[in-house]
Amino acid sequence: MQSTGRRTFLATGALAAAGLLAACTSGSGSGSGSPGSGGKGKPDPDLPLRTRAVAATDALLAQYAALPAGSAGGAPVAELQAELVKQRAALASGLPASSAPSAAAASSPATAAASTAASGSPAGGTVAALAGAERSTAQARLADLAAASPELARLLASAAAAGALHAVRLGDQTPLTVPADTPSAGAPSAGAPSADGGSPSSSPSTPNPPSAGATAALQAALAAEHAAVYAFGVVGAKVPPGPKRDEARAGYAAHQARRDAWQRILAAAGATPAAAAPGYQLPFAVPDPAAAGRLAAEVESRLTAVYADLVAAGSGGLRMTAATALRECVLQCAHWGGASTALPGLAEPAASPSAGSASASGSPR
C-alpha cells in the first residue's frame, strides 16, 4: 500500500470530483422520482415497472407492519421501515392515483397477508422472513434494470442496494444473485471478495461500445476509483495490524480491480482512460485509526453517487455492473460505520406527512 507521504494532497483530486458528482446526482436524483410520462398524450414506458416496484414495496411494508410486537429483538426494524416509505414515495411519483395505493394502506396489518401472497415474498411474521423478503425484492428490482429508462434504472439500482443492506442488517447474509436472463458484464471486483459476501466475478466485457454518455460516466468512475485506491492506501497505513488492516487491504484491492476494469473497457472502446491525478486532498485529516475508518466510509459513500450516474448512463451488462458496484459500495460504507440512507447515491425524497404517520403507526413495538 502507499504511504501517506507518497503524494502531495491536491484540491483538484478525484475525491473532490466525486463530491461534485454527488451534488450533481442529488439534483438528478430528485428527477429520478419525477413523473415518467413520455410527453403529453404519450404512454409512460416505465409505468409497468414503476407499478410493479410500488407493489413490491407495498408488500414489504405490509410485512413490516405485520411483525408481531416484541419480535424484532435488536433489529433496526423501525428505521428500515421509514427508509422503505421514502423509497416508495420516489417509486410512486408520477403514477396515476388509481395505480398507486397510499402508503398508509400498504402499511396496514390488515393487508399484510394479501400483499405477501401477491408478491411471492417469504411468508411468516419473523425478522428472518422479513430479511428474506428484502433480499428477494432487491433482486426483483435488479431484474427490471435493463428495461427501465435511465432515471428509473438509477432509482431501482439505488433501492436494490438499500434493500441488500436492509437484508444484511436484518441478519440475512445471503448474497444477491443477478437474474440468470439479465445481461451482466460481471462485477469488476476480481481479485477481492465481493462486498456482499459473494465470490469474485469475472472481468467485465462489453459486447457493444459504450455510448458517449456512458463513456463520460465511465471516465468519472475511473477517476473516482483512482482516488479511492489512494484513500484506502491511507486507511491501511493508519489502522493497526489485524482484522481491520486486512479489511483495508481487501478494500484497496477491490478498488484497484474496479479501476483496472474501467481502464480496460475504455481502452477497448478507443477512449483514453483518465489518468490518476498527481495527488489527492482527503476530506478531513486522518491522524488515527478511528479517522481512517471514517475515511473509508466517506469514500464508499461518495462512490455511490458515481455509480448511480453510471447506472443511468449505461445499458445492458454495463448497467448491471454499475449496479453491482453501487451495492458493494453501500455495503462497504455500512461496514466501515457509515450511515445508511433510503436511496444511496440519490437525494432522498422527503416522506409525505401521511406516509410518515403510516410508518410510525405500522412500526413494531
Hits in segment 270-298 - residues which are open to solvent by less than 40 Å² (accessible area, probe 1.4 Å) and closer than 17 Å to Ala217 by Cβ: Ala271, Ala274
For Ser354: the one exception among (1) surrounded by fewer than 18 Cβ atoms within 10 Å (Cβ to Cβ); (2) at pLDDT 95 or above; (3) under 27 Å from Ala89 (Cβ atoms): (2)
Cross-chain or 6+ apart pairs with Cβ under 6 Å, segment 64-90 first and at negative phi, then among the aromatic types (Phe, Trp, Tyr) and not in a loop (DSSP other than H, G, I, E, B): Gln81/Tyr64
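Being over 15 Å from the mean Cα position of the chain (by Cα) and under 17 Å from Ala153 (Cα atoms) is the filter here, so list the residues in segment 285-317 that pass it. Can you show your working first?
As a first pass, look at segment 285-317 and keep what is over 15 Å from the mean Cα position of the chain (by Cα): 285-296, 313-317.
Scanning segment 285-317 gives Ala313, Gly314, Ser315, Gly316, Gly317.
On the given criteria, is Ala267 under 30 Å from Gly213 (Cβ atoms), surrounded by fewer than 21 Cβ atoms within 10 Å (Cβ to Cβ) and without any contact (Cβ under 8 Å) to a residue 24 or more places away in the chain? Explain how you work it out, then say what you get.
Working: under 30 Å from Gly213 (Cβ atoms): yes; surrounded by fewer than 21 Cβ atoms within 10 Å (Cβ to Cβ): yes; without any contact (Cβ under 8 Å) to a residue 24 or more places away in the chain: yes.
Yes: the conditions hold for Ala267.
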Only listed residue being at pLDDT 85 or above, open to solvent by less than 10 Å² (accessible area, probe 1.4 Å) and under 24 Å from Gly251 (Cα atoms), chosen from Ala153, Ala159: Ala159
Ala313 vs. criteria closer than 23 Å to Asp260 by Cβ, open to solvent by 10 Å² or more (accessible area, probe 1.4 Å), in contact (Cβ under 8 Å) with a residue 60 or more places away in the chain and among the hydrophobic types (A, V, I, L, M, F, W, C): yes
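Given the criteria open to solvent by 20 Å² or more (accessible area, probe 1.4 Å) and either out of contact with any His (no Cβ under 6 Å at 6 or more places or on another chain) or modelled with pLDDT of 60 or more (or both), does Tyr230 qualify?
On the way: open to solvent by 20 Å² or more (accessible area, probe 1.4 Å): no; either out of contact with any His (no Cβ under 6 Å at 6 or more places or on another chain) or modelled with pLDDT of 60 or more (or both): yes.
So Tyr230 fails the test.
If I go through segment 289-310 residue by residue, how many of them are among the aliphatic types (A, V, I, L, M) and either free of Cβ contacts under 8 Å to residues at least 60 places away in the same chain or on the phi > 0 side of the Ramachandran plot (or both)?
Going residue by residue through segment 289-310, those that are among the aliphatic types (A, V, I, L, M) are 290-292, 295-297, 299, 303, 305-306, 308, 310.
Filter once more, so that each one left must be either free of Cβ contacts under 8 Å to residues at least 60 places away in the same chain or on the phi > 0 side of the Ramachandran plot (or both): 290-292, 297.
The total comes to 4.
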Candidates Pro210, Pro241 - the one that is within 17 Å of Asp309 (Cβ to Cβ) and outside any helix (DSSP H, G or I): Pro210
Among (1) within 21 Å of Gly345 (Cβ to Cβ); (2) touching a helix residue (DSSP H, G or I) at 6+ places or on another chain (Cβ under 7 Å) - the single one Ala261 does not satisfy: (2)
From Ala192, Ala185, Ala250, residue being at pLDDT below 95, touching a Pro at 6+ places or on another chain (Cβ under 7 Å), among the hydrophobic types (A, V, I, L, M, F, W, C) and within 17 Å of Cys333 (Cα to Cα): Ala192
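The values are calculated or read from the model by the stated rules, or taken from the named source; none is laboratory data. These figures come from a predicted structure and were not determined experimentally. In this analysis, Cβ positions are derived from the backbone assuming ideal geometry, glycine residues included, and neighbour counts consider all displayed protein chains. Heavy atoms of the whole protein, side chains included, go into the accessibility calculation; ligands, DNA and RNA do not. Shrake-Rupley method; radii C 1.70, N 1.55, O 1.52, S 1.80 Å.
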